[in-house]
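The values are calculated or read from the model by the stated rules, or taken from the named source; none is laboratory data. From a predicted model like this one, the values you see are computed outputs, not experimental measurements. Here Cβ is always computed from backbone atoms with ideal geometry, including for glycine, and neighbour counts include all displayed protein chains. Keep in mind that these areas ignore ligands, DNA and RNA; they rest on the heavy atoms of the full protein, side chains included. Shrake-Rupley method; radii C 1.70, N 1.55, O 1.52, S 1.80 Å.
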Amino acid sequence: PIVPNKINKLLTRNEKDESFFLICGRGVGAFINLEEYNFIINSALSSLRKYFKNEKIIYYPHPKERSLKLCKSIINKYENVKIADLNYPSIDYVSRSIGVITILSSIIFLARAFEKKVIEYYPYKHNLKKFHPELNHKTPYSKLGFPSARNVSDLENLIKTEFLNLSHKKKIKSIEFDDFNIEEILKKIN
């Protein structure tokens with residue numbers, strides 16, 4: 001578990017007031033081959049930029065893709081898109097984002113914890129059937145009720161319904177406490 005003061009420091013690390021959308025990736029592997037990876041990243045970026053052309057987009061790579069060679073070759077084609085500084089954890093980026101698109105990423109739970117609008121995007125039903133036949137073409141995240149897109153048209157519709165009415169900068173409330181003393185925590189919460 002992360003020590004509470006560490007969370008508070010992460011949430012206040014950035015002094016600049018910047019707004020951005022966050023895309024959290026999934027590396028090439030069992031669920032995504034090279035061709036699918038290229039399509040997913042390009043279509044996610046293109047769809048988001050269709051409605052937010054001037055807004056900054058940050059791509060946070062999955063641990064499997066930390067060599068960055070492949071994602072750099074895609075991301076460098078787009079204006080206002082950059083790869084996250086991996087010296088900082090995903091919690092920092094999620095907490096400061098406007099909204100999040102995940103590609104089969106458990107970061108979806110972190111986004112929900114920070115009350116961010118979040119969309120799960122994964123357009124390859126044949127892989128879902130192969131890896132999760134019991135879910136009937138759904139991902140575990142869509143089964144839990146997260147907004148999920150299975151094609152570009154669905155993604156663009158969700159971007160419109162989930163992201164278009166967002167206010168750009170929402171101040172994060174954080175409570176500071178020094179240790180896990182339950183009495184101190186309860187006093188500050190109440």
(request) Kindly indicate whether any position in segment 126-141 is exposed (fewer than 15 other Cβ atoms within 10 Å of the Cβ) and modelled with pLDDT of 90 or more. (result) no
(request) Exactly one condition in (1) open to solvent by less than 10 Å² (accessible area, probe 1.4 Å); (2) in contact with a Lys or Arg (Cβ under 6 Å, 6 or more places away or on another chain) is not met by residue 24; state its number. (result) (2)
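Specify which of the listed residues (164, 158) is closer than 20 Å to residue 94 by Cα, at pLDDT 70 or above, open to solvent by 70 Å² or more (accessible area, probe 1.4 Å) and not small (Gly, Ala, Ser).
Numbers: 158 fails: open to solvent by 70 Å² or more (accessible area, probe 1.4 Å).
The conditions single out 164.
For segment 63-85, what are the residues that are in a loop (DSSP other than H, G, I, E, B), modelled with pLDDT of 85 or more, surrounded by 13 or more Cβ atoms within 10 Å (Cβ to Cβ) and in contact with a Leu (Cβ under 9 Å, 6 or more places away or on another chain)? It would help to see each step written out before you state the result.
First, the residues of segment 63-85 that are in a loop (DSSP other than H, G, I, E, B): 66-68, 76-80, 84-85.
So of that shortlist, the ones also modelled with pLDDT of 85 or more come out as 76-80, 84-85.
Within this subset, residues satisfying the condition of being surrounded by 13 or more Cβ atoms within 10 Å (Cβ to Cβ) are 78, 80, 84.
78, 84, listed by residue number.
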(request) Residue by residue through segment 21-46, note down the ones that are within 19 Å of residue 99 (Cβ to Cβ) and either more than 16 Å from the chain's Cα centre (by Cα) or hydroxyl-bearing (Ser, Thr, Tyr) (or both). (result) 43, 46
(request) Being modelled with pLDDT of 80 or more, open to solvent by less than 50 Å² (accessible area, probe 1.4 Å) and assigned to a loop (DSSP other than H, G, I, E, B) narrows it down to one of 177, 146, so name that one. (result) 146
(message) Consider segment 86-115. How many of its residues are free of Cβ contacts under 8 Å to residues at least 60 places away in the same chain, surrounded by 15 or more Cβ atoms within 10 Å (Cβ to Cβ) and outside any helix (DSSP H, G or I)?
(response) 1
(request) Those residues that are among the aliphatic types (A, V, I, L, M), over 21 Å from residue 32 (Cβ atoms) and touching a Ser or Thr at 6+ places or on another chain (Cβ under 9 Å), I need them from segment 71-111; list them, please. (result) 98
(request) Name, by its number, the condition in (1) modelled with pLDDT of 90 or more; (2) more than 16 Å from the chain's Cα centre (by Cα); (3) among the basic types (Lys, Arg) that does not hold for residue 56. (result) (2)
(request) Test residue 39 against the criterion of being assigned to a helix (DSSP H, G or I) and at negative phi, and give yes or no. (result) yes
(message) I'd like the full set of residues that are at pLDDT below 95 and within 21 Å of residue 85 (Cβ to Cβ), limited to segment 33-44.
(response) 41
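In segment 117-134, what residues are without any contact (Cβ under 8 Å) to a residue 24 or more places away in the chain, of a type outside the set (Lys, Arg) and part of a helix (DSSP H, G or I)? Let's see the steps before the verdict.
Step one: filter segment 117-134 for residues without any contact (Cβ under 8 Å) to a residue 24 or more places away in the chain, giving 126, 128-130, 132-134.
Of the ones still in play, those that are also of a type outside the set (Lys, Arg) are 126, 128, 132-134.
Matches in segment 117-134: 126, 128, 133, 134.
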